[in-house]
Amino acid sequence: MENLTLTNGENALFEPTSFKVKAGNVLTLMGPSGCGKSTLLSAIAGHLSPAFELSGEIRLNEIAMNGLVPNQRRIGILFQDDLLFPHLNIWENLAFGLPKSVNGKARKETAMATLSKIGLTELTNKMPPEISGGQRARISLMRMLLSEPHAVLLDEPFSKLDKALRSEFRAFVFQQIKSKNIPALMVTHDEDDIPADGSVLHWPWQSSLNKPRGV
């Protein structure tokens, strides 16, 4: 991100901000409610509301994102809610995330291989309301990763999980990002969400540097 800011009419949500995230790393943006964290993620993903105007440059793998529609950006998003389709079973939900280039039987085979990889094959034919919140969170993450994103946005993805489950799922998410070697940008209110080896920008972002946690 280079000199990035968002305005709503004459009002800027934040001053021009620049930062970068390396492959396999997680950069966390901390800030109060209403400072523009989630709006910034929407802008990066290409879903910015017409009420806002973006200035500055967003680049991913040296490609400018500003003029691209969302499905051309190859940016995955993980939200607070799992957003699984209630009318599809678990393997069908996973298969939905696959690129169109994966055809026919290969779609189910890939979904099944993913369930096996994360130790949840028993969920294959279950419907989303029939499984636990932690299981739904894992399926949602894997569905997003099956779309083969080149970067990941994390919009407070742990906030609706209980404390014990949050710690377990948090570690799972960071491990997947590292193993895929893709950059991730996370917004959160909780200092505990910041990975030990990650970097964090505290509000106001434009006066901060990418620093390891605790610095």
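So here's what we get for this one:
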read-out	value
Any chance Ser167 is hydroxyl-bearing (Ser, Thr, Tyr), part of a helix (DSSP H, G or I), out of contact with any Gly (no Cβ under 9 Å at 6 or more places or on another chain) and on the phi < 0 side of the Ramachandran plot	yes
Qualifying position, being surrounded by 15 or more Cβ atoms within 10 Å (Cβ to Cβ), in contact with a Pro (Cβ under 6 Å, 6 or more places away or on another chain), of a type outside the set (Asp, Glu) and closer than 21 Å to Met1 by Cβ, among Leu68, Leu54, Leu78, Leu84	Leu78
Residue in the stretch 99-109 that is part of a helix (DSSP H, G or I), within 25 Å of Met186 (Cβ to Cβ) and of a type outside the set (Phe, Trp, Tyr) present	no
Count - residues of the stretch 159-205 that are under 15 Å from the mean Cα position of the chain (by Cα) and of a type in the set (Asp, Glu)	1
Among the residues listed as Leu141, Leu40, Leu115, Leu94, the single one being within 27 Å of Phe174 (Cβ to Cβ), over 19 Å from the mean Cα position of the chain (by Cα) and in a helix (DSSP H, G or I)	Leu115
Selection within the stretch 144-164 - assigned to a loop (DSSP other than H, G, I, E, B) and surrounded by 19 or more Cβ atoms within 10 Å (Cβ to Cβ)	Pro149, Pro157, Phe158
In the stretch 170-196, the residues that are part of a loop (DSSP other than H, G, I, E, B) and closer than 27 Å to Thr5 by Cα	Ile182, Pro183, His189, Asp190, Ile194, Pro195
Sole residue being touching a helix residue (DSSP H, G or I) at 6+ places or on another chain (Cβ under 8 Å) and either surrounded by 14 or more Cβ atoms within 10 Å (Cβ to Cβ) or modelled with pLDDT under 90 (or both), chosen from Leu40, Leu29	Leu29
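The values are calculated or read from the model by the stated rules, or taken from the named source; none is laboratory data. Model, not experiment: these values are computed from the prediction. Neighbour counts run over all protein chains shown; Cβ positions are idealised from the backbone, glycine included.
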